[in-house]
Amino acid sequence: MMKENFSGVYAALLTPFDERGRISEKKLRGLIRFEIGKGLNGLYICGSTGEGINMNVDERKEVAEIVTEEARGKVKVIVHVGGSTNTANAMELVKHASKLKLDAVASIPPIYYPFRFADIFNYYQALAEASDLPLFIYYIPQLTGGALSNDKLVELGKIQNIIGIKYTAHDFFTLQDLLLKMDNRWIAFSGPDEMFLPALTMGVVGSIGSTQNVIPELFLEIYKSFHGGDMHRAMQCQQLVTRAVSLLIQYGGIAAWKTALSFRGIDAGLCKPPLRIALPDQDKATMKKQWLKLFPEHVK
Ligand code: MN9
(Lines give C-alpha, C1' and ligand atoms only; values in the text may rest on other atoms or scores of the structure.)
Protein backbone atom coordinates (compact mmCIF):
# COMPACT_ATOMS: atom_id res chain seq x y z
CA MET A 1 0.00 0.00 0.00
CA MET A 2 1.27 3.46 -0.94
CA LYS A 3 1.44 5.20 2.43
CA GLU A 4 3.65 8.02 1.16
CA ASN A 5 0.93 9.39 -1.10
CA PHE A 6 -1.25 10.40 1.82
CA SER A 7 0.82 13.21 3.28
CA GLY A 8 -0.33 16.81 3.62
CA VAL A 9 -3.25 18.86 4.84
CA TYR A 10 -6.81 17.56 4.79
CA ALA A 11 -10.04 19.27 5.76
CA ALA A 12 -12.35 17.14 7.91
CA LEU A 13 -15.01 18.31 5.52
CA LEU A 14 -18.09 19.96 7.00
CA THR A 15 -21.46 18.77 5.69
CA PRO A 16 -23.97 21.55 4.94
CA PHE A 17 -27.61 20.75 5.85
CA ASP A 18 -30.82 22.67 5.18
CA GLU A 19 -33.56 23.69 7.67
CA ARG A 20 -35.08 20.22 7.44
CA GLY A 21 -31.81 18.43 8.17
CA ARG A 22 -31.29 17.32 4.58
CA ILE A 23 -27.89 17.46 2.88
CA SER A 24 -27.57 20.64 0.86
CA GLU A 25 -25.94 19.40 -2.32
CA LYS A 26 -25.32 22.82 -3.77
CA LYS A 27 -23.62 24.13 -0.63
CA LEU A 28 -21.58 20.95 -0.29
CA ARG A 29 -20.32 21.30 -3.86
CA GLY A 30 -19.47 24.97 -3.24
CA LEU A 31 -17.54 24.08 -0.09
CA ILE A 32 -15.57 21.32 -1.82
CA ARG A 33 -14.62 23.67 -4.66
CA PHE A 34 -13.45 26.28 -2.17
CA GLU A 35 -11.25 23.75 -0.37
CA ILE A 36 -9.74 22.30 -3.53
CA GLY A 37 -9.16 25.82 -4.86
CA LYS A 38 -7.11 26.63 -1.78
CA GLY A 39 -4.74 23.77 -2.58
CA LEU A 40 -5.59 21.30 0.20
CA ASN A 41 -4.14 17.83 -0.28
CA GLY A 42 -7.22 15.94 0.75
CA LEU A 43 -10.69 15.68 2.23
CA TYR A 44 -11.69 13.48 5.15
CA ILE A 45 -15.44 13.08 4.87
CA CYS A 46 -18.18 12.02 7.30
CA GLY A 47 -15.92 12.29 10.35
CA SER A 48 -16.79 14.08 13.60
CA THR A 49 -16.69 17.47 11.88
CA GLY A 50 -18.63 16.14 8.87
CA GLU A 51 -21.38 14.81 11.18
CA GLY A 52 -20.95 11.28 9.78
CA ILE A 53 -22.10 9.87 13.11
CA ASN A 54 -25.15 12.11 12.85
CA MET A 55 -26.31 10.70 9.48
CA ASN A 56 -27.85 7.47 8.32
CA VAL A 57 -26.12 5.13 5.88
CA ASP A 58 -27.92 6.53 2.81
CA GLU A 59 -27.02 10.09 3.70
CA ARG A 60 -23.39 9.12 4.21
CA LYS A 61 -23.39 7.50 0.78
CA GLU A 62 -24.89 10.62 -0.73
CA VAL A 63 -22.07 12.76 0.70
CA ALA A 64 -19.48 10.30 -0.65
CA GLU A 65 -21.08 10.41 -4.11
CA ILE A 66 -21.13 14.20 -4.27
CA VAL A 67 -17.52 14.36 -3.06
CA THR A 68 -16.54 11.79 -5.68
CA GLU A 69 -17.94 13.92 -8.47
CA GLU A 70 -16.24 17.08 -7.25
CA ALA A 71 -12.96 15.80 -5.89
CA ARG A 72 -11.91 12.33 -7.02
CA GLY A 73 -8.60 12.45 -8.84
CA LYS A 74 -8.02 16.05 -7.75
CA VAL A 75 -7.31 15.51 -4.05
CA LYS A 76 -7.19 12.46 -1.80
CA VAL A 77 -10.51 11.42 -0.28
CA ILE A 78 -10.73 9.41 2.94
CA VAL A 79 -14.22 8.27 3.97
CA HIS A 80 -14.97 7.79 7.65
CA VAL A 81 -17.39 4.87 8.11
CA GLY A 82 -17.52 4.51 11.88
CA GLY A 83 -20.24 5.22 14.41
CA SER A 84 -22.82 3.76 12.06
CA THR A 85 -24.19 1.52 14.85
CA ASN A 86 -23.08 -1.90 13.62
CA THR A 87 -20.42 -3.72 11.65
CA ALA A 88 -22.68 -4.48 8.70
CA ASN A 89 -23.45 -0.78 8.15
CA ALA A 90 -19.79 0.14 8.34
CA MET A 91 -18.90 -2.65 5.87
CA GLU A 92 -21.56 -1.39 3.50
CA LEU A 93 -19.97 2.06 3.62
CA VAL A 94 -16.52 0.59 2.97
CA LYS A 95 -17.83 -1.28 -0.07
CA HIS A 96 -19.50 1.87 -1.30
CA ALA A 97 -16.25 3.86 -0.95
CA SER A 98 -14.46 1.12 -2.84
CA LYS A 99 -17.03 1.16 -5.64
CA LEU A 100 -16.54 4.92 -5.91
CA LYS A 101 -12.76 4.31 -6.12
CA LEU A 102 -12.01 6.67 -3.27
CA ASP A 103 -8.57 6.57 -1.68
CA ALA A 104 -9.04 5.15 1.81
CA VAL A 105 -11.48 4.54 4.64
CA ALA A 106 -11.22 5.27 8.36
CA SER A 107 -13.17 4.34 11.44
CA ILE A 108 -13.48 5.07 15.11
CA PRO A 109 -13.64 1.89 17.19
CA PRO A 110 -17.13 0.62 18.07
CA ILE A 111 -18.79 2.90 20.61
CA TYR A 112 -21.34 2.85 23.47
CA TYR A 113 -21.09 -0.77 24.71
CA PRO A 114 -18.12 -1.90 26.77
CA PHE A 115 -16.36 -3.90 24.04
CA ARG A 116 -13.64 -6.47 24.61
CA PHE A 117 -10.49 -5.95 22.56
CA ALA A 118 -11.35 -9.07 20.55
CA ASP A 119 -14.61 -7.39 19.44
CA ILE A 120 -12.72 -4.29 18.36
CA PHE A 121 -10.19 -6.40 16.49
CA ASN A 122 -12.98 -8.30 14.71
CA TYR A 123 -14.64 -5.02 13.76
CA TYR A 124 -11.51 -3.66 12.06
CA GLN A 125 -10.81 -7.03 10.50
CA ALA A 126 -14.30 -7.05 8.97
CA LEU A 127 -13.76 -3.55 7.55
CA ALA A 128 -10.40 -4.61 6.13
CA GLU A 129 -11.94 -7.63 4.45
CA ALA A 130 -14.79 -5.61 2.94
CA SER A 131 -12.46 -4.02 0.34
CA ASP A 132 -8.88 -3.53 -0.79
CA LEU A 133 -8.84 0.09 0.33
CA PRO A 134 -6.26 1.26 2.86
CA LEU A 135 -7.79 1.68 6.30
CA PHE A 136 -7.01 4.22 9.02
CA ILE A 137 -7.87 3.96 12.69
CA TYR A 138 -9.55 7.14 13.88
CA TYR A 139 -8.22 7.49 17.40
CA ILE A 140 -10.24 10.03 19.40
CA PRO A 141 -10.48 8.68 22.96
CA GLN A 142 -12.25 11.74 24.37
CA LEU A 143 -15.29 10.89 22.23
CA THR A 144 -15.15 7.12 22.00
CA GLY A 145 -14.90 6.40 25.71
CA GLY A 146 -11.35 5.45 26.52
CA ALA A 147 -8.12 4.91 24.67
CA LEU A 148 -6.78 1.76 23.09
CA SER A 149 -3.30 1.26 24.53
CA ASN A 150 -0.33 1.25 22.19
CA ASP A 151 0.06 -2.48 22.76
CA LYS A 152 -3.49 -3.01 21.53
CA LEU A 153 -2.94 -0.68 18.58
CA VAL A 154 0.16 -2.66 17.63
CA GLU A 155 -2.04 -5.78 17.71
CA LEU A 156 -4.39 -4.08 15.26
CA GLY A 157 -1.32 -3.51 13.10
CA LYS A 158 -1.52 -7.20 12.18
CA ILE A 159 -4.48 -6.34 9.98
CA GLN A 160 -2.94 -5.86 6.55
CA ASN A 161 -5.04 -3.01 5.17
CA ILE A 162 -4.51 -0.74 8.16
CA ILE A 163 -1.85 1.78 7.13
CA GLY A 164 -2.12 4.36 9.86
CA ILE A 165 -3.97 6.41 12.40
CA LYS A 166 -5.66 9.75 12.70
CA TYR A 167 -4.44 10.69 16.14
CA THR A 168 -6.80 13.10 17.89
CA ALA A 169 -5.23 13.39 21.33
CA HIS A 170 -2.71 15.68 22.96
CA ASP A 171 -0.23 13.15 24.31
CA PHE A 172 2.74 13.21 21.98
CA PHE A 173 4.76 10.63 23.86
CA THR A 174 2.01 8.09 23.17
CA LEU A 175 1.91 9.14 19.51
CA GLN A 176 5.64 8.81 18.90
CA ASP A 177 5.91 5.67 20.99
CA LEU A 178 3.24 4.11 18.78
CA LEU A 179 4.96 5.14 15.55
CA LEU A 180 8.26 3.74 16.78
CA LYS A 181 6.63 0.51 17.95
CA MET A 182 5.05 0.19 14.49
CA ASP A 183 8.52 0.57 13.01
CA ASN A 184 7.40 2.90 10.21
CA ARG A 185 4.72 0.53 9.00
CA TRP A 186 2.05 3.11 9.92
CA ILE A 187 1.65 6.77 9.13
CA ALA A 188 -0.15 9.19 11.44
CA PHE A 189 -2.21 12.32 10.90
CA SER A 190 -2.53 14.96 13.58
CA GLY A 191 -6.13 15.56 14.72
CA PRO A 192 -5.87 18.58 17.04
CA ASP A 193 -5.58 21.64 14.79
CA GLU A 194 -4.05 23.64 17.61
CA MET A 195 -1.09 21.23 17.76
CA PHE A 196 -0.23 20.56 14.14
CA LEU A 197 3.31 21.98 14.28
CA PRO A 198 4.46 20.05 17.37
CA ALA A 199 2.83 16.93 15.91
CA LEU A 200 4.97 17.36 12.77
CA THR A 201 8.08 17.30 14.94
CA MET A 202 6.88 14.00 16.41
CA GLY A 203 6.51 12.37 13.03
CA VAL A 204 3.01 12.91 11.60
CA VAL A 205 2.71 13.11 7.80
CA GLY A 206 -0.06 15.68 7.84
CA SER A 207 -3.14 17.00 9.55
CA ILE A 208 -6.86 16.34 9.33
CA GLY A 209 -9.23 18.69 11.10
CA SER A 210 -12.11 21.10 11.15
CA THR A 211 -10.29 24.45 11.13
CA GLN A 212 -8.66 23.42 7.82
CA ASN A 213 -12.09 24.05 6.26
CA VAL A 214 -11.91 27.68 7.32
CA ILE A 215 -8.26 28.76 7.05
CA PRO A 216 -6.64 26.13 4.82
CA GLU A 217 -3.91 28.59 3.79
CA LEU A 218 -2.43 28.68 7.29
CA PHE A 219 -2.25 24.90 7.62
CA LEU A 220 -0.59 24.60 4.22
CA GLU A 221 1.87 27.29 5.27
CA ILE A 222 2.71 25.44 8.52
CA TYR A 223 3.35 22.27 6.53
CA LYS A 224 5.43 24.01 3.86
CA SER A 225 7.44 26.12 6.31
CA PHE A 226 8.18 23.14 8.54
CA HIS A 227 9.47 21.08 5.62
CA GLY A 228 11.32 24.07 4.16
CA GLY A 229 13.09 24.68 7.47
CA ASP A 230 11.43 28.02 8.22
CA MET A 231 10.47 27.27 11.81
CA HIS A 232 9.81 30.91 12.66
CA ARG A 233 7.15 31.19 9.95
CA ALA A 234 5.69 27.82 10.94
CA MET A 235 5.37 28.99 14.55
CA GLN A 236 3.73 32.25 13.50
CA CYS A 237 1.11 30.39 11.48
CA GLN A 238 0.50 27.86 14.25
CA GLN A 239 -0.12 30.73 16.67
CA LEU A 240 -2.74 32.15 14.36
CA VAL A 241 -4.40 28.75 14.02
CA THR A 242 -4.42 28.40 17.81
CA ARG A 243 -6.04 31.82 18.17
CA ALA A 244 -8.70 30.75 15.67
CA VAL A 245 -9.37 27.44 17.44
CA SER A 246 -9.58 29.18 20.78
CA LEU A 247 -12.19 31.59 19.39
CA LEU A 248 -14.14 28.81 17.69
CA ILE A 249 -14.36 26.63 20.80
CA GLN A 250 -15.47 29.63 22.83
CA TYR A 251 -18.64 29.73 20.67
CA GLY A 252 -18.70 25.99 20.47
CA GLY A 253 -19.89 23.16 18.33
CA ILE A 254 -19.66 22.51 14.62
CA ALA A 255 -21.99 25.48 14.04
CA ALA A 256 -19.13 27.81 15.05
CA TRP A 257 -16.93 26.47 12.23
CA LYS A 258 -19.78 26.92 9.74
CA THR A 259 -20.27 30.47 10.96
CA ALA A 260 -16.56 31.25 10.49
CA LEU A 261 -16.77 30.05 6.89
CA SER A 262 -19.61 32.47 6.28
CA PHE A 263 -17.14 35.28 7.09
CA ARG A 264 -15.18 34.09 4.06
CA GLY A 265 -18.22 34.15 1.83
CA ILE A 266 -18.83 30.40 1.96
CA ASP A 267 -22.26 29.15 2.99
CA ALA A 268 -21.64 25.86 4.79
CA GLY A 269 -25.31 25.51 5.71
CA LEU A 270 -26.72 24.35 9.03
CA CYS A 271 -25.92 21.43 11.33
CA LYS A 272 -28.28 18.51 11.79
CA PRO A 273 -30.26 17.98 15.02
CA PRO A 274 -29.66 16.90 17.75
CA LEU A 275 -26.59 19.12 17.19
CA ARG A 276 -27.31 22.81 17.56
CA ILE A 277 -28.08 23.83 14.00
CA ALA A 278 -26.63 27.36 14.13
CA LEU A 279 -25.22 29.96 16.49
CA PRO A 280 -27.66 32.62 17.75
CA ASP A 281 -27.47 35.83 15.67
CA GLN A 282 -25.99 37.75 18.60
CA ASP A 283 -23.09 35.28 18.85
CA LYS A 284 -22.54 35.42 15.10
CA ALA A 285 -22.22 39.19 15.29
CA THR A 286 -19.75 39.24 18.19
CA MET A 287 -17.76 36.37 16.74
CA LYS A 288 -17.49 38.18 13.44
CA LYS A 289 -15.98 41.24 15.10
CA GLN A 290 -13.38 39.09 16.88
CA TRP A 291 -12.67 37.11 13.71
CA LEU A 292 -12.11 40.22 11.61
CA LYS A 293 -9.56 41.49 14.11
CA LEU A 294 -7.67 38.20 13.91
CA PHE A 295 -7.92 37.63 10.19
CA PRO A 296 -8.44 40.88 8.31
CA GLU A 297 -6.82 39.18 5.29
CA HIS A 298 -8.81 35.94 5.52
CA VAL A 299 -12.23 37.38 4.99
CA LYS A 300 -12.76 36.39 1.37
O1 MN9 B 1 -10.15 15.59 14.77
C2 MN9 B 1 -11.22 17.66 15.22
N3 MN9 B 1 -11.71 17.12 16.44
C4 MN9 B 1 -13.01 16.99 16.67
C5 MN9 B 1 -10.45 16.67 14.44
O6 MN9 B 1 -13.84 17.28 15.88
C7 MN9 B 1 -13.40 16.46 18.00
C8 MN9 B 1 -10.33 18.88 15.42
O9 MN9 B 1 -10.19 19.50 14.18
C10 MN9 B 1 -10.91 19.86 16.43
O11 MN9 B 1 -12.16 20.29 15.99
C12 MN9 B 1 -10.03 21.10 16.62
C13 MN9 B 1 -10.54 21.99 17.72
O14 MN9 B 1 -10.34 21.39 18.96
O15 MN9 B 1 -8.73 20.71 16.89
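For region 1-15, give me each residue that is surrounded by fewer than 24 Cβ atoms within 10 Å (Cβ to Cβ) and either under 29 Å from PRO274 (Cα atoms) or of a type in the set (D, E, K, R) (or both).
Here is the first cut: in region 1-15, the residues surrounded by fewer than 24 Cβ atoms within 10 Å (Cβ to Cβ) are 1-8.
Result: LYS3, GLU4.
Scanning region 175-194 for residues that are more than 20 Å from the chain's Cα centre (by Cα) and of a type in the set (Asp, Glu), we see that the one that is farthest from ALA234 (Cα to Cα) is ASP183. One residue stands out in region 150-195 among those that are assigned to a loop (DSSP other than H, G, I, E, B) and among the small types (Gly, Ala, Ser): the one that is nearest to the ligand (Cβ to nearest atom), namely GLY191.
Restricting VAL67, VAL75, VAL94, VAL79 to those that are within 16 Å of the ligand (Cβ to nearest atom) and in contact with a Leu (Cβ under 7 Å, 6 or more places away or on another chain) reduces the list to VAL79. Which of the residues spanning region 187-221 are among the hydrophobic types (A, V, I, L, M, F, W, C), free of Cβ contacts under 8 Å to residues at least 40 places away in the same chain and touching a strand residue (DSSP E or B) at 6+ places or on another chain (Cβ under 8 Å)? Of everything in region 187-221, those that are among the hydrophobic types (A, V, I, L, M, F, W, C), free of Cβ contacts under 8 Å to residues at least 40 places away in the same chain and touching a strand residue (DSSP E or B) at 6+ places or on another chain (Cβ under 8 Å) turn out to be ALA188, ALA199, LEU200, VAL204. Can you pull out the residues in region 229-278 that are within 11 Å of the ligand (Cβ to nearest atom), closer than 18 Å to LEU31 by Cβ and touching a residue at least 40 places away in the same chain (Cβ under 8 Å)? Result: ALA244, ILE254, TRP257.
Being out of contact with any strand residue (DSSP E or B) (no Cβ under 8 Å at 6 or more places or on another chain) and modelled with pLDDT under 95 holds for only one residue in LEU275, LEU294, and it is LEU294. Do we find a residue being in contact with a strand residue (DSSP E or B) (Cβ under 7 Å, 6 or more places away or on another chain) and away from the ligand (no atom under 15 Å from the Cβ) anywhere in region 46-53? Within region 46-53 (the criterion being in contact with a strand residue (DSSP E or B) (Cβ under 7 Å, 6 or more places away or on another chain) and away from the ligand (no atom under 15 Å from the Cβ)), the answer is no, since none of the residues qualifies. The residues of region 196-212 that are more than 9 Å from the ligand (Cβ to nearest atom) and either outside any helix (DSSP H, G or I) or closer than 16 Å to SER48 by Cα (or both), listed by number, are MET202, GLY203, VAL204, VAL205, GLY206. Among the residues of this structure, GLU62 counts as one that is in contact with a strand residue (DSSP E or B) (Cβ under 6 Å, 6 or more places away or on another chain), more than 16 Å from the ligand (Cβ to nearest atom) and in a helix (DSSP H, G or I). Taken over region 218-234, the criterion of being under 21 Å from the mean Cα position of the chain (by Cα) and of a type in the set (Lys, Arg) is satisfied by LYS224 alone. Against the conditions (1) more than 21 Å from the chain's Cα centre (by Cα); (2) hydrophobic (A, V, I, L, M, F, W, C); (3) over 22 Å from ASN5 (Cβ atoms), LEU153 satisfies every one except (1).
The values are calculated or read from the model by the stated rules, or taken from the named source; none is laboratory data. Not measured: the values here are computed from a predicted model. Glycine also receives a Cβ, built like all others from the backbone with ideal geometry; neighbour counts cover every protein chain displayed.
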